[in-house]
Amino acid sequence: MKARNVGIIFRKELTDTLRDRRTLISSILLPILLFPLLMGGVIGLSILFIKRAEQQTAPVMLLGAENAPELVRQIRAIENVEVVPPASDYVQKINDKKIQAAVEFAPGLEANIEQHPDQPQSITVYWYEGELRSRKTLQRIQKAVREYREEIVKARLVARKLSAADAKPFEFEQKNVAAAEKVTGNILGFILPYFVIILCLTGAMYPAMDLTAGEKERGTMETIIASPATRGEIVFGKFLLVLLSSVVTTALSILSFAVTVIVGGGILGRFTKEFVIQVSARSTATVFVMVLPLAVAFSAALMAIALIARNYREAQGYIAPLMFVVILPAMGSFIPGIELNATLAMVPILNVSLLAKEVFAGQYPWKMIGLIFAWTCVYAAAALWFAVRQFKREEIIFRT
Amino acid sequence: MIEAQKLCKEFQDKKRGKIRAVEQVSFRCLPGQIYGLLGANGAGKTTTLRMLATILKPTGGTALVGGFDVVKEPEKVRAHVGFLSTATALYGRLTAQEMVEYFGRLYGLDNSTLKRRIDEVFGRLGMDEFRDRRCDKLSTGMKQKVSIARTLVHDPPVMIFDEPTLGLDVMTARTIVGFIRECRQQGKTVIFSTHVMSEVEKLCDTIGIIHNGKLLAEGTLEELRHRYQQPDLEEVFVHVVEAAA
């Protein structure tokens, strides 16, 4: 195999690809925009909707208001709560989102609290679970009711000459000992490996189809195989471009993620000290190196499969099921409790997903890293061999 | 020179089983001559030429092309051949010059030789005005010229044309025919396949009639007419094919 020919083919494919809008969008634009849009979009929209829910006036129905005049006064005083006249179809009205909640006071509630302190009384709040405005309204009502109850408890303690400590003999505290970045590392470790693996695949997908099935469709496959370049040289020249696209997509997505984390972390840091998003350069670099052989395997396998197709569209049909084959093991990091071991280290994609999860959580099991890297290299070599073999098969090349 | 020696090609078809596309085909094509492979669709012309261009591997026999064996030295064969067919399209996103340069480099030309050859070929084919235009923006005639430039850039001694005028308008087809004649004048070995009788009559020094993968008859136009006692090539062709049926 002549390196010169591989280089010539690679350079031509690079020029060709840089002029292809479809590949540029999937390999460069998508990875740059994905994380900022995802994180910024989701967080931004959530904040927007929460703020709107807090600011909007919530209609609330009070059932049996005459039983709790003091509590009703306190509920009426809640900001952005509007009391509407009671009606028997309050459940329907909540479901129709015409009112956000209804509060039902038991008959003689406040009189009973006063006169029969040993008998428990009840207040029921009806609300719409899963509806943000209804939840916010519930929380406001809960706060008012809690304050009202605390006032009563306080009065009863004073009447019996007891202190606040008598009602609350001990505190029950929970303290997290993990560093803030490890906590966020754990959270990121669930999500990030999946995205990195999927982007590594999608980055290779479009050029792999374009350079194989696309060439067949455009009738240039016969042109290139009639040149003095060997099939091996053609495969490697094309493969290098597909690999470059995959690596650039992955690198850009990681970079874009890091920038999003730094900027987003800064914004979040203003609101809370507990949730610090931090990803170290070391963990990012380790994951990137681990993903490299995976990119090789994806690039070669995608080329080998897409080559079977007669045209671009047919290639998409062959590649789509492959997405599921990759998505399932890539989601390994989502499953809590799976521990990496020598057997799982052999399972392609899942091994990298699980390892990336550990690395983002600050764990570096070097033996396992070596083992997984070696296995992924074996799969990458097998995929490359398969791709070269496919290019040498006349029934595949001339399947038009 | 091209020398086919009992060339065979079998394909495996899922429905029809083993198919013999080319069976024991032998012929010789000399430098400065045009050999025309005449046959109906599916006769085995394309398969034969693809084997000569080493795009397909023979399942039996071999051929010497430009002094190299198609089975043992396929890369050397391809380096000494210019192959043009309707299936050899252009890269739409490359300009005419980039397209020819790409193949020139793959043929091993250094930068100065490549520049000289491109200027020469582009000048001869009148391609200078569209050398920087992308191939997908070119007319059919311009595209054919780029394809010709691609096959000529390394000045190969052997030219293989597989139905080069198929689907082309009269003017573009004339350009191709003229170009094939020029190749002969330059002393190149030329083989071309077609099912257009008039092209064969106008161009070929030797004619081979191929049918069902077998070379049924071979000779100059005069020899064939005389041998089969027919007034023109079309009648010769029909006579030969019907006799074989």
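The values are calculated or read from the model by the stated rules, or taken from the named source; none is laboratory data. Because the structure is a prediction, the values reported are computed rather than measured. Positions of Cβ are backbone-derived with ideal geometry, glycine not excepted, and every protein chain shown enters the neighbour counts. Note: areas computed on protein heavy atoms with side chains; ligands, DNA, RNA excluded. Shrake-Rupley method; radii C 1.70, N 1.55, O 1.52, S 1.80 Å.
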- Query: How much accessible surface does A:THR284 have with a 1.4 Å probe, in Å² rounded to 10?
  - Reply: 40 Å²
- Query: Helix-derived [θ] at 222 nm for chain A: sum -39500 (n - 2.57) over DSSP H runs of at least 4, divide by residue count, nearest 500?
  - Reply: -21500 deg cm²/dmol
- Members of B:LYS76/B:LYS188; A:LYS12/B:LYS137; B:LYS76/B:LYS115; A:LYS2/B:LYS137 lying beyond 21 Å, as alpha-carbon distances in this model show: B:LYS76/B:LYS115; A:LYS2/B:LYS137
- Task: Quote the accessible area belonging to B:LYS143 in square angstrom, nearest 10, computed with a 1.4 Å probe and with ligands, DNA and RNA left uncounted.
- Result: 80 Å²
- Item | Average beta-carbon neighbours from other chains, 10 Å sphere, peptide A:213-226 | 6
- Cα to Cα, under 18 Å, and not fewer than 8 places away if on the same chain: which lysines meet these conditions relative to B:LYS9? A:LYS392, B:LYS18, B:LYS45, B:LYS57, B:LYS72, B:LYS214
- Restricting to lysine pairs 8 or more places apart or on different chains, what number in segment A:57-167 have Cα atoms under 29 Å apart? 9
- Message: Please report the spacing between the Cα centers of segment A:144-159 and segment A:317-376 in Å, no decimals.
- Response: 55 Å
- Item | Calculated FRET efficiency for the pair B:LEU166/B:GLN12, C-beta based, R₀ 30 Å, to 0.05 | 0.65
- Message: Tell me the carbon and sulfur percent of the accessible area for the protein assembly as shown, rounded to whole percent, probe radius 1.4 Å.
- Response: 58 percent
- Query: Mind checking the log10 I(q)/I(0) for chain A at q = 0.10 Å⁻¹? Debye, one equal scatterer per Cα, no solvent, two decimals.
  - Reply: -0.81
- Message: Testing the spin-label approximation: label points 7 Å from Cα along Cα→Cβ at B:GLU201 and A:GLU129. State their distance in nm.
- Response: 9.0 nm
- Could you pull out every one of the aspartates and glutamates with an alpha carbon less than 14 Å from that of B:LYS14, ignoring same-chain neighbours closer than 8 positions? A:GLU395
- Magnitude of the charge dipole, segment A:57-167, Cβ model with Lys/Arg +1 and Asp/Glu -1, debye to 20: 340 debye
- Message: Using +1 at the C-beta of Lys and Arg and -1 at the C-beta of Asp and Glu, which of B:THR220, B:THR206, B:ALA244 has the Cα lying farthest in the positive direction of the dipole of segment B:204-245?
- Response: B:ALA244
- Message: Compute the angle between helix B:96-106 and the longest alpha-carbon principal axis of chain B, please, reported from 0 to 90 degrees and rounded to the nearest 10.
- Response: 70 degrees
- Query: What is the dipole size for segment A:104-203, taken about its Cα centre, with +1 at each Lys and Arg Cβ and -1 at each Asp and Glu Cβ, in debye to the nearest 20?
  - Reply: 240 debye
- Tilt of helix A:366-392 relative to the longest C-alpha principal axis of chain A, in degrees (0 to 90, nearest 10)? 50 degrees
- One finds, for B:LYS137 and B:ASP110 with R0 = 41 angstrom and r their Cβ-Cβ distance, a FRET efficiency to the nearest 0.05 of 0.85
- Message: With a 1.4 Å probe and all protein chains kept in place, how much accessible area does A:TYR126 have, in Å² rounded to the nearest 10?
- Response: 60 Å²
- Mind checking segment A:307-400 for GluC sites (Glu not before Pro) that DSSP puts in a loop (not H, G, I, E or B) and that have at most 14 other Cβ atoms within 10 Å? A:GLU339
- For chain B, what is the calculated [θ] at 222 nm in deg cm²/dmol (nearest 500), taking -39500 (n - 2.57) for each run of four or more DSSP H residues and dividing by its residue count? -11500 deg cm²/dmol
- Item | Net length gained if the chain between A:LEU37 and A:VAL158 were fully extended (0.36 nm per residue, minus Cα distance) | 38.0 nm
- Query: Over its Cα atoms, what ratio of radius of gyration to 2.2 N^0.38 Å does segment A:57-167 give?
  - Reply: 1.15
- Message: If R₀ is 45 angstrom, what is the calculated FRET efficiency for the pair B:GLU222 and A:LEU24, using the beta carbon separation as r and rounding to 0.05?
- Response: 0.15
- Message: Show me you know the interface measure: the accessible area buried between B and A, both chains summed, probe 1.4 Å, in Å² to the nearest 100.
- Response: 2600 Å²
- What percentage of all Cα-Cα pairs in chain B are separated by more than 34 Å? 17 percent
- Task: Let me know the charge dipole size of the protein assembly as shown about its Cα centre in debye, to the nearest 20, where only the beta-carbon of Lys, Arg (+1) and Asp, Glu (-1) is charged.
- Result: 860 debye
- From a point 7 Å beyond the Cα of A:GLU151 in the direction of its Cβ, which residues of segment A:56-71 have a backbone N at a distance under 18 Å? A:65-71
- Tell me the label-point distance for the pair A:LYS367, A:GLN174, using the 7 Å Cα-to-Cβ offset, in nm and rounded to one decimal. 3.4 nm
